[in-house]
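Asks: Here it is, the structure in full.
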Amino acid sequence: MPIEEVIIKLPYFDIVSVKWAPNTNEREAAWQLFVEFSTRITSIKRELGPEGDFGSARLAMNSLYNLMDTSRKILREAGPSIAKKTESLGPITIYVLNQSIRKILDDYHTKLEAFESLREPHIDRVKHEREWPLYENFWHQMVDMQEGIREFTKALEEIAGVKSYSKDN
């Protein structure tokens with residue numbers, strides 16, 4: 001049964017409330033985006049690991065880059081029917097990507113690459129990365145961004161008309 005109307009709120013992105021009736025293409029694209037967003041580092045709550053850190057910034061950035069690439073592909077394949085209004089899946093997704101993932105990649109990707117190029121071959125890649133002066137700043141921004149991405153992932157779930165598994169359900 002088609003969803004008659006969704007109301008999404010994304011406070012992290014200053015989207016107070018958006019209401020519309022998603023079309024079939026939006027629901028299908030929302031499902032694909034939901035799968036991508038909910039299974040990547042972007043929406044998984046990060047905790048400090050046994051080493052007292054959050055993990056590899058390089059692997060996190062690779063995941064973010066792949067998520068941007070996959071999201072663009074999903075939006076392109078869904079076509080313009082998901083972007084007929086500002087209050088539709090296409091424009092909202094592009095806005096969320098640009099206000100979150102793109103900002104982190106713009107701020108940190110080339111800086112991490114430059115630092116990685118300084119690593120001596122005998123130095124462990126992960127240990128070297130943890131010496132990166134921006135390592136903690138990167139992870140603080142990531143953890144902050146994840147709050148907004150989790151909001152967006154819940155909105156995708158609603159738009160797609162699906163329910164994710166959660167022990168809180």
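The values are calculated or read from the model by the stated rules, or taken from the named source; none is laboratory data. Just so it is clear, the structure is predicted and the values come from calculations on it, not from any experiment. Note: ideal-geometry Cβ built from the backbone for every residue, glycine included; neighbour counts use all protein chains shown.
Asks: Which of the residues that make up region 65-111 are surrounded by fewer than 16 Cβ atoms within 10 Å (Cβ to Cβ), outside any helix (DSSP H, G or I) and of a type in the set (Gly, Ala, Ser)?
Replies: Within region 65-111, 79 is the sole residue that qualifies.
Asks: If you don't mind, there's one more thing I want to ask. Give the residues of region 149-161 that are of a type in the set (Gly, Ala, Ser) and surrounded by 21 or more Cβ atoms within 10 Å (Cβ to Cβ), sorted by residue number. Steps first, please.
Replies: Of all residues in region 149-161, those of a type in the set (Gly, Ala, Ser) come to 155, 160-161.
155, 160, listed by residue number.
Asks: For the structure I just gave you, tell me whether residue 127 is surrounded by fewer than 12 Cβ atoms within 10 Å (Cβ to Cβ), among the basic types (Lys, Arg) and either assigned to a helix (DSSP H, G or I) or at pLDDT 95 or above (or both).
Replies: Numbers: surrounded by fewer than 12 Cβ atoms within 10 Å (Cβ to Cβ): yes; among the basic types (Lys, Arg): yes; either assigned to a helix (DSSP H, G or I) or at pLDDT 95 or above (or both): yes.
The answer is yes for residue 127.
Asks: Picking from 109, 128, which residue would you name as being free of Cβ contacts under 8 Å to residues at least 60 places away in the same chain and under 30 Å from residue 15 (Cα atoms)?
Replies: Just one listed residue meets the conditions, 109.
Asks: Report, ordered by the first and then the second residue, all pairs with beta carbons closer than 7 Å, sequence separation of six or more or different chains, a first member in region 72-86 that is within 16 Å of residue 31 (Cβ to Cβ), and a second member that is outside any helix (DSSP H, G or I) and of a type outside the set (D, E, K, R).
Replies: Hits for this filter: 81/23; 82/88.
Asks: Can you tell me which residue is modelled with the highest pLDDT among those in region 130-146 that are aromatic (Phe, Trp, Tyr) and closer than 18 Å to residue 44 by Cα? So that I can check it myself, show each step before the final result.
Replies: Step one: of region 130-146, the residues aromatic (Phe, Trp, Tyr) are 132, 135, 138-139.
Applying the additional criterion that residues be closer than 18 Å to residue 44 by Cα yields 138-139.
Values: 138: 94, 139: 90.
Per the stated criteria, the residue is 138.
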